[in-house]
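The values are calculated or read from the model by the stated rules, or taken from the named source; none is laboratory data. These numbers were taken from a predicted model, which means no experiment stands behind them. Using ideal geometry, Cβ is built from the backbone for each residue, glycine included, and neighbour counts are taken over all protein chains shown. Each accessible area value is taken on the protein alone, full model and side chains, heavy atoms only, with ligands, DNA and RNA left out. Shrake-Rupley method; radii C 1.70, N 1.55, O 1.52, S 1.80 Å.
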Amino acid sequence: MNRWLSRSYLTLVYLLLYVPILVLVVFSFNDARTGYEWGGLSLRWYHALFGNRAMVQAMWNSLWLALSAATVSTLIGVLTALALHRYRFRGKQLLNSMLFIVMMSPEIVLAISLLALFLLVGIQLGYFSLLLAHVTFCLPFVVITVMARLSGFDERLPEAARDLGASDFTMTRTVLIPAIMPALLAGWLLGFTLSLDDVVVSTFVGGPGYEILPLRIYSMVRVGLKPEVNALGTLLLVFSLFMLMLSQWILIRSKR
Amino acid sequence: MLQTLLSLDNVSKAFDGKPVLAALDLDICDGEFLTLLGPSGCGKTTLLRIMAGFEQPDTGSLTLAGEDLTRLPPERRPLNTVFQNYALFPHMSVYDNVAYGLKMEKRPREEIHKRVMEVLEMVQLQNFARRKPHQLSGGQQQRVAIARAVVKRPRLLLLDEPLSALDYKLRRTMQGELKRLQRELGITFVFVTHDQEEALSMSDRVVVLRDGEIQQLGTPREVYERPANLFTARFVGETNFFPGRITSVEAARLRVDVMGLERTLQLPRFEVSEGESVNVLLRPEDIRVLGPDDPQGLPGKVIERNYKGSTLDSVIELADGTQVLASEFFDEDDPAFDYNLGEPVRVSWVDGWEWLLPEESVAAAPGDVDEDG
């Protein structure tokens, strides 16, 4: 009896989690005009999606933004993590806690303050302002991922490299960076996904000249749910599954 | 002895105001096997790290064959280190680990290949070149670490407790291996350990360190048989201390009252005068255990006996509670050679085998001995 209860409870939880996603995937192949009836299999919504030039443009914009934001924040984040790990300097503790503040503060606060800053400095809202904003909220995640890896790092390895004749720079390139590579990639992937599905900050600091996917979907849904969104959702689902598998594969490979 | 290779002059170091090394002078000879021996926290690892260049001394200088090393970064010093936990690069194969140092020197590929394979053969790992460090056993990793350091043909090899992570048997094998390598390569070895047995069996000379100061510098035999002070005597090997009082000083000998026993001893190296207290040191193997009716010796009873295969180690408690450690070889001709617990015996030694040390005000026991120095 007890077992039956716990089993069905578990089933219910999983149903709640996955049925909506399943419905979305199934209905992306629906030939009917509305989402309430089944009209047979078809790829028409995928055609419609790729025929929608504004939509495709938003998709590319989003991908490009996520790619550049993840890359820039990884570069800055790795250097920050190395500095925090290797050197003792004035204000180190402050810098460390500031990273956490960015991570913990409500997104809306970050969004408003960034908007105020951009307006004050006179940065035009568009790709550049979005990039700056996305780098800002991705950065702490990269730093913390890399720092976690560095904390388990054998301090003798850099010394061994120096001892064998490597300069500080060569040592960093040949020993330190390879050692933190998995964390670096994980941080990059984290940044990429965070950037790709961000709505709140992007709503504030985005401009009309550079439309990104989440905002585009949001505005589409407001007008009325089009089956195109289902197709888009399915594509995004496949993409994130692929990214998830990629990150797992990197992790497993690094542990060997 | 030989030419001086590395010379440390007035080297001192403090961490956060706490002195670790105090104005230390040390000359290391070319081609010797020198061991830095001491309990953990005695400064031996810091001293090694200063030689390698990972730490800067607060005062003093290092000179290697006439060249001042003091301000040189580690990558420009002609010496290499074998680290305690090997510090092999986990993402590189054995071959790449060993080749790393030569690549840094920008040697041609063929030369690198030849030298790497040579040195791998020397440590009997030529078939493991493609393996990653985590696919090797502890002893094999150890040998890779040594190969990686010696492939650069350093003037001096620094070894930081390289055997402490190995089990006893492998440790003994590696001790022999290291000695062989040192003979074949002719490289000067500076070896850090807290294991006095290892220090005695491997070294040409031993430096006994305590609280950043050199207690004694000498051959293993000197350090064991003629310890400079109570600390060295206690730290290197087992020692029995008997309190003695000088009753008279003669031209070449000395009359000492050892716990009521009148003995004639040789004059020690330090100044002595009548009525002074001295410490009479005897190693367990110098102790003779006699029958209870023997006129010589101090009376006591056996409270512990340990059969060790080639020797019989026993602990004898004297009348005043002092415990004496005795280690005797089996006498094939004496079938009765054994004791029962509680058996009354007398403890003595052969005149001339004792070693005298002046009374020290504070004779602190050596610090805890654990894995990290």
Does residue A:181 satisfy the condition of being closer than 29 Å to residue A:62 by Cα and facing chain B (nearest Cβ under 10 Å)? yes
State yes or no: is residue A:225 assigned to a loop (DSSP other than H, G, I, E, B) and aliphatic (A, V, I, L, M)? yes
Can you say whether residue B:185 is closer than 23 Å to residue B:46 by Cβ and either open to solvent by less than 40 Å² (accessible area, probe 1.4 Å) or touching a residue at least 24 places away in the same chain (Cβ under 8 Å) (or both), as far as the supplied structure shows? no
What is the one condition in (1) of a type outside the set (Gly, Ala, Ser); (2) open to solvent by 100 Å² or more (accessible area, probe 1.4 Å); (3) part of a loop (DSSP other than H, G, I, E, B) that residue A:34 does not satisfy? (2)
Could you check how many residues of segment B:77-96 are within 7 Å of chain A (Cβ to nearest Cβ), under 21 Å from residue B:118 (Cβ atoms) and not hydroxyl-bearing (Ser, Thr, Tyr)? 2
Quick count over segment B:44-72, residues being more than 14 Å from every other protein chain (Cβ to nearest Cβ) and under 20 Å from residue A:160 (Cα atoms), is 5
Of the conditions (1) open to solvent by 50 Å² or more (accessible area, probe 1.4 Å); (2) in contact (Cβ under 8 Å) with a residue 40 or more places away in the chain; (3) at positive phi, the single one that residue B:210 does not satisfy is (3)
Against the condition assigned by TED's automatic domain parsing to the domain that holds residue A:227 and without any contact (Cβ under 8 Å) to a residue 12 or more places away in the chain, how does residue A:102 come out, does it pass? no
Quick check on segment A:231-245. Is at least one of its residues in contact (Cβ under 8 Å) with a residue 40 or more places away in the chain, farther than 25 Å from residue A:41 by Cα and touching a helix residue (DSSP H, G or I) at 6+ places or on another chain (Cβ under 7 Å)? yes
What number goes with the only condition from (1) crowded, with 17+ Cβ neighbours inside 10 Å; (2) within 14 Å of chain A (Cβ to nearest Cβ); (3) over 23 Å from residue B:232 (Cα atoms) that residue B:5 does not pass? (2)
Taking residue A:176 as meeting all but one of (1) open to solvent by 40 Å² or more (accessible area, probe 1.4 Å); (2) of a type outside the set (Val, Ile, Thr); (3) in contact (Cβ under 8 Å) with a residue 24 or more places away in the chain, write down the number of the exception. (1)
Residues of segment B:303-321 that turn out to be assigned to a loop (DSSP other than H, G, I, E, B) and either free of Cβ contacts under 8 Å to residues at least 40 places away in the same chain or within 25 Å of the chain's Cα centre (by Cα) (or both), as a count: 5
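Residues that are closer than 22 Å to residue B:171 by Cα, at least 2 per element: which strands (runs of 3 or more DSSP E) completely within segment B:181-227 meet that?
Working: elements: B:188-193, B:205-210, B:213-218.
Here the list reads B:188-193, B:205-210.
Do you know which residues across segment A:149-171 are of a type outside the set (D, E, K, R), assigned to a helix (DSSP H, G or I), open to solvent by 30 Å² or more (accessible area, probe 1.4 Å) and modelled with pLDDT of 90 or more?
A:169
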Looking at segment A:132-157 only, could you name the residues that are at the interface with chain B (Cβ under 9 Å from one of its Cβ atoms) and either touching a helix residue (DSSP H, G or I) at 6+ places or on another chain (Cβ under 9 Å) or among the aromatic types (Phe, Trp, Tyr) (or both)? A:154, A:157
Is it fair to say residue B:148 is within 14 Å of chain A (Cβ to nearest Cβ) and not in a loop (DSSP other than H, G, I, E, B)? yes
If you check residue B:260 against the conditions, is it of a type outside the set (A, V, I, L, M, F, W, C), in contact with a helix residue (DSSP H, G or I) (Cβ under 8 Å, 6 or more places away or on another chain), at pLDDT below 90 and at positive phi? no
Considering segment B:228-237 alone, what residues qualify as being part of a helix (DSSP H, G or I), touching a residue at least 60 places away in the same chain (Cβ under 8 Å) and open to solvent by less than 30 Å² (accessible area, probe 1.4 Å)? B:230, B:231, B:233, B:235
Go through segment A:117-141 and give me each residue that's open to solvent by less than 50 Å² (accessible area, probe 1.4 Å), over 17 Å from the mean Cα position of the chain (by Cα) and among the β-branched types (Val, Ile, Thr). A:123
Name the single residue that is nearest to residue B:5 (Cα to Cα) among those in segment B:97-117 being within 10 Å of chain A (Cβ to nearest Cβ) and open to solvent by 40 Å² or more (accessible area, probe 1.4 Å). B:105
